[in-house]
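One structure is given here, and the rest of the page talks about it.
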Amino acid sequence: MVRIGIIGNGRMGKVHAEALEKLADRATVAGCVDTNPTTAQAFAARFKTRVYVSTSELVADSNVDAVVIATPTPTHAEIALAALKSGKHVFCEKPLARTLAQGKALLAAAQASKRVFSLGFVRRQSWGCQELRRLLQQGKIGTPRIVRVHLLLTVFKRQWGDWFADFAASGGATLDMLAHHYDLLNWYFGNVSRVSAEGWLMNRSFAEPMDYISGSLRFESGLIGHFECGWLRFGTGSDQLEIHGEKGLLRFEWGRPNAITFIAGDGSTEEIPRPAECADAFFVSQMQDFAASITDGRAPCAGIADGWASLQVCLGAIAAAEQGRVVSLADEVRKA
């Protein structure tokens, strides 16, 4: 039984605790802590667990094997480093950190610790994203040449005025939303070498952050990538990934029952349906993977190296948009 402490008892902390409830035979919520004591008390009552007075108290407790970090992005590094120092396994919500320096420190600490360090790239748990990877590996479209991410969401759930509306803290749409997609691209195609981008604030009635970004990626393999992402407050949203190869095109649309479409070079179309028995319980699968990684001594589905790779692309895109230049990720890491 893996005993897991939940650090950060807001929306995502609850999501992960609810997932752990469904894994009662292998993991349990062993405690919680939040900067807001009222929030922590309500969380403890809901999940029948103990409240700790501080993060340091929780990570020092030998009755806790692992932690889930579901706190604001700028706090991830400090909390994760403390947990690793105390010998805890770590599940950290994405993104890994707010800066490259923080990410670099976490990468070194996690690799030295020999503890499981898992990232909250929950899309890896979906049937559609897994099936898309399988199709690519079996050569469905031949050699991939161009990939495009189109991510424009009309449901902006955060409240302006909280930490998330502070670009310096959150990293805006790029660091929150594109972190998932950059992870998928790294999972499918390997590392990105350079990025160019432009960013805008589309609704001037709101304070910063930059809420729209578009740009291009160049992968080490030579693959070309294009992306656009934004928090829109009008119209209809879209969440698509298109991959053009020598034999055709694969299109993945998040949320569609038949999520994957294949268009062959002759124009014929094939819809690839999701199996009827596929429940796509992403967050439960994610916690199951984390717990199994600890008990079985294996690597998690998304680990520290994956979090580091995604962070580099996110922050490279932000730097490119802010500075109006093509950014070499290797150069940015050397400067961090």
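Just a yes or no: is a residue in region 158-177 farther than 22 Å from His16 by Cβ and part of a strand (DSSP E or B)? Within region 158-177, one or more residues are farther than 22 Å from His16 by Cβ and part of a strand (DSSP E or B).
Is it the case that Gly139 is surrounded by fewer than 23 Cβ atoms within 10 Å (Cβ to Cβ), in contact with a Leu (Cβ under 9 Å, 6 or more places away or on another chain), at pLDDT 95 or above and of a type in the set (Gly, Ala, Ser)? It would help to see each step written out before you state the result.
Working: surrounded by fewer than 23 Cβ atoms within 10 Å (Cβ to Cβ): yes; in contact with a Leu (Cβ under 9 Å, 6 or more places away or on another chain): no; at pLDDT 95 or above: yes; of a type in the set (Gly, Ala, Ser): yes.
Taking the combined requirement at face value, the residue does not satisfy it.
Residues considered: Cys301, Cys314. Of these, the only one that is outside any helix (DSSP H, G or I), touching a helix residue (DSSP H, G or I) at 6+ places or on another chain (Cβ under 7 Å) and either in the same structural domain as Glu198 (by TED's automatic domain parsing) or buried (at least 18 other Cβ atoms within 10 Å of the Cβ) (or both) is Cys301. Between Thr73, Thr55, the distinction of being crowded, with 21+ Cβ neighbours inside 10 Å, touching a residue at least 12 places away in the same chain (Cβ under 8 Å) and farther than 27 Å from Leu178 by Cα belongs to Thr55 only. The residue that is surrounded by the most Cβ atoms within 10 Å (Cβ to Cβ), counting only those in region 104-136 that are of a type in the set (Ser, Thr, Tyr) and within 20 Å of the chain's Cα centre (by Cα), is Ser118. Check whether at least one residue in region 246-265 is within 30 Å of Ala70 (Cβ to Cβ), more than 17 Å from the chain's Cα centre (by Cα), modelled with pLDDT of 95 or more and surrounded by fewer than 18 Cβ atoms within 10 Å (Cβ to Cβ), and report yes or no. No: zero hits.
Residues in region 266-289 that are at pLDDT 85 or above and of a type in the set (D, E, K, R) were compared, and the one that is farthest from Ala27 (Cα to Cα) is Asp266.
Filtering region 317-336 down to residues that are part of a loop (DSSP other than H, G, I, E, B) and not charged (D, E, K, R), which residue is nearest to the chain's Cα centre (by Cα)? So, considering only residues that are part of a loop (DSSP other than H, G, I, E, B) and not charged (D, E, K, R), the one nearest to the chain's Cα centre (by Cα) is Ala336.
Restricting the first member to region 311-328 and to residues that are touching a residue at least 40 places away in the same chain (Cβ under 8 Å) and more than 11 Å from Thr99 (Cβ to Cβ), and the second to residues that are outside any helix (DSSP H, G or I) and of a type in the set (Lys, Arg), the beta-carbon pairs closer than 9 Å and six or more apart or on different chains are Gly316/Arg194; Ala320/Arg194; Val326/Arg194; Val326/Arg218; Val327/Arg194; Ser328/Arg194.
The values are calculated or read from the model by the stated rules, or taken from the named source; none is laboratory data. Predicted, not measured: the structure shown is a model, and the values here were computed from it. Every residue, glycine among them, receives a Cβ derived from its backbone with ideal geometry; neighbour counts consider all protein chains shown.
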